[in-house]
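Bear in mind these aren't lab numbers, they're just calculated from the coordinates by the rules spelled out. Computed from a prediction, not measured in an experiment: that's the story for all the values here. Here the Cβ positions follow ideal geometry from the backbone for every residue, glycine too, while neighbour counts run over all protein chains shown.
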Amino acid sequence: MSVQSDKWITKMAKENEMISPFEDKQVRGDKISFGVSSYGYDARVSEEFKIFTNVNSEIVDPKNFKPTNFITKNGSECIIPPNSFVLARTVEYFKIPKDVLVICLGKSTYARCGIIVNVTPLEPGWEGHVTLEFSNTTPLPAKIYANEGVAQFIFLKGNEEPEVTYADRNGKYMGQKGVTLPKV
């Protein structure tokens, strides 16, 4: 496997609609940067947030997940309660090639504020909006901004295609369009 450069990412995004919408350069200004970087793509978070709440004193169970564990908020920013988390999704829709694995890393701007971004790998053949988890590790409320950069995606190209891709096995998160809660 090898890490792919900005040139490869731009080519694949334009020829195969791998990332949509796609920014072919780093966009900065007064926003947290997003778009193509040297060896990755900085994705943005959308305006849809699901904020964890313990109002109902329920157990978080991945096999029996209750949507009542979250309240939904739409807006240009989201406040994450202390020692809590929020689910959101990328603005970008990804279509991962059959010979590529994508790894997500949080941006240092948020990490320096105690906000951790967690995403599982994007597997070969997967497509959809990426559901992101933001953990606020601080004892204070923390803010994230919609339509700004939140995580960098690193593209690893395999030497060959796997025998079975995520699409081939009809993965349960294939084609997700909004913030997607856990499924079994």
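Dipole of the chain, Cα-centred, from +1 at each Lys and Arg C-beta and -1 at each Asp and Glu C-beta, to the nearest 20 debye?
340 debye
Reachable lysines from residue 25, Cα under 18 Å, same-chain residues fewer than 8 places away excluded?
Once the sequence-local lysines are set aside, what remains near residue 25 is 7, 11, 14, 107.
Convert 10 °C to kelvin, take the viscosity as 1.306 mPa s, use the Kirkwood radius over C-alpha pairs of the chain as Rh, and evaluate the Stokes-Einstein diffusion coefficient in µm²/s, rounded to a whole number.
The calculation lands on 93 µm²/s.
Within the range 94-181, which trypsin sites (Lys or Arg not before Pro) sit in a loop by DSSP and count at most 12 neighbouring Cβ atoms inside 10 Å?
Sparse-neighbourhood loop trypsin sites (Lys or Arg not before Pro): 112, 169, 172, 177.
In a Gaussian network model over the chain where Cα atoms closer than 10 Å are linked, find which of 33, 46, 76 has the largest mean-square fluctuation.
Maximum among the listed residues: 76.
At what distance in angstrom do the alpha carbon centres of the range 120-184 and the range 72-90 lie from each other?
Rounded to whole Å, the Cα centres lie 16 Å apart.
So which GluC sites (Glu not before Pro) in the range 78-184 pass both tests, a DSSP loop state and at most 12 other Cβ atoms within 10 Å of the Cβ?
Those that pass, being in a loop and sparsely packed, are 160, 163.
Excluding residues on the same chain fewer than 8 positions from residue 143, give the aspartates and glutamates whose Cα lies under 17 Å from its Cα.
30, 47, 48, 77, 133
Can you bin every Cα-Cα distance in the range 116-184 into 10 Å intervals starting at zero and give me the percent of pairs per bin, rounded to whole numbers?
P(r) for the range 116-184, in whole percents per bin: 15, 42, 29, 11, 2.
Under the Karplus relation 6.51 cos²θ - 1.76 cosθ + 1.60, θ = phi - 60°, what is the ordered set of whole-Hz ³J(HN,Hα) values for the range 179-184, x standing for Gly and Pro?
Using θ = phi - 60°, the values come out as 5, 10, 7, x, 10, 10 Hz.
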